[in-house]
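In what follows, a single structure is set out as structure tokens and then discussed.
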Amino acid sequence: MNETLLKFLTGTGAGSRRHMAEAIKQSRVAVNGQVAADFRLPIEPGDQVTLDGRTVDLKPGGKLVYLILNKPIGMLTTTRDERGRDTVMSLLPPKYRRIGLYPAGRLDKDSTGLLLFTNDGGLTYKLTHPKFEHEKEYLVHLDKRLEPPDADRLRQGIDLEDGRTRPTTIKTVATEPQTYRVTVHEGKKRQLRRMFASLGYRVTTLQRIRIGSLLLGNLKEGESRELTPAEVAELSG
């Protein structure tokens, strides 16, 4: 007997029944290239199911995997690149490359730091959807010192071409001139670089050091590790 679409999605570990039902309602799920609106749509062997444009496969052995990586500069945050450029997938240890992991969120090519890889679609949705307001913290080095009035403007929100940013937390790193700890609650494309540029500053280096409760810690650039059960529980909470 064929599975229904909703049962298939929850069975792959893409997310909880509630989250997958919401995804179908929001037209984020497609079957064989067609947006699916019926929870009970039968899924047959060989059907291609996608969630937010990503193919949903049965998770290996029923296991969900959570991996943290310290991204170096110059790597694209994508599962593949049509132009053959280096992507973060090449940094994963071989045993993780064929189990359907993908980056939960992005870092631009010129940025470094914390990336999370998983095959848990529910957690990915929770971490990347703006309504959940997960904090993301960065170390930002500027080409000159940030003037106090400009820092206040950034804290209150900046008008960009794709909308106003939410209030931002900015703290000076006392031991490193022109370096700041910046916390945001959203993920607009190249957001921090554009925020500072709008006030006449250039970001020279940008490193993400935290997503929600998950810390980059002492992980070296290019290295990765699996999250502990406690880290997964806290991040999912």
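The values are calculated or read from the model by the stated rules, or taken from the named source; none is laboratory data. As the structure is a computational prediction, the values presented were derived from the model and not from experiment. In this analysis, Cβ positions are derived from the backbone assuming ideal geometry, glycine residues included, and neighbour counts consider all displayed protein chains. All accessible areas refer to the heavy atoms of the entire protein, side chains included, with ligands and DNA or RNA removed. Shrake-Rupley method; radii C 1.70, N 1.55, O 1.52, S 1.80 Å.
Quick notes
- Selected residue (only one of Glu231, Glu226 is open to solvent by less than 60 Å² (accessible area, probe 1.4 Å) and under 28 Å from Lys131 (Cα atoms)): Glu231
- The residues of the stretch 191-206 that are within 18 Å of the chain's Cα centre (by Cα) and either open to solvent by 50 Å² or more (accessible area, probe 1.4 Å) or within 20 Å of Tyr125 (Cα to Cα) (or both) amount to a single one, Gln191.
- Matching residues, the stretch 79-99, being modelled with pLDDT under 85 and either within 18 Å of Thr128 (Cα to Cα) or of a type in the set (Asp, Glu) (or both): Thr79, Asp81, Glu82
- Residue satisfying condition, being modelled with pLDDT of 95 or more and polar (S, T, N, Q), within set Ser224, Ser213: Ser224
- Among the residues of the stretch 207-223, those identified as open to solvent by less than 40 Å² (accessible area, probe 1.4 Å) and either at positive phi or of a type in the set (A, V, I, L, M) (or both) are Ile209, Ile211, Gly212, Leu214, Leu216, Leu219, Gly222.
- Test: residue in the stretch 164-174 that is among the hydroxyl-bearing types (Ser, Thr, Tyr), open to solvent by 70 Å² or more (accessible area, probe 1.4 Å), more than 23 Å from the chain's Cα centre (by Cα) and at pLDDT 90 or above: yes
- Exclusive hit being out of contact with any Cys (no Cβ under 6 Å at 6 or more places or on another chain), of a type in the set (Lys, Arg), open to solvent by 60 Å² or more (accessible area, probe 1.4 Å) and assigned to a loop (DSSP other than H, G, I, E, B), set Arg18, Arg83: Arg83
- Selection from the stretch 143-173 of residues that are of a type outside the set (Lys, Arg), assigned to a loop (DSSP other than H, G, I, E, B) and more than 17 Å from Ile209 (Cα to Cα): Asp143, Leu146, Glu147, Gly157, Ile158, Glu161, Asp162, Thr165, Pro167
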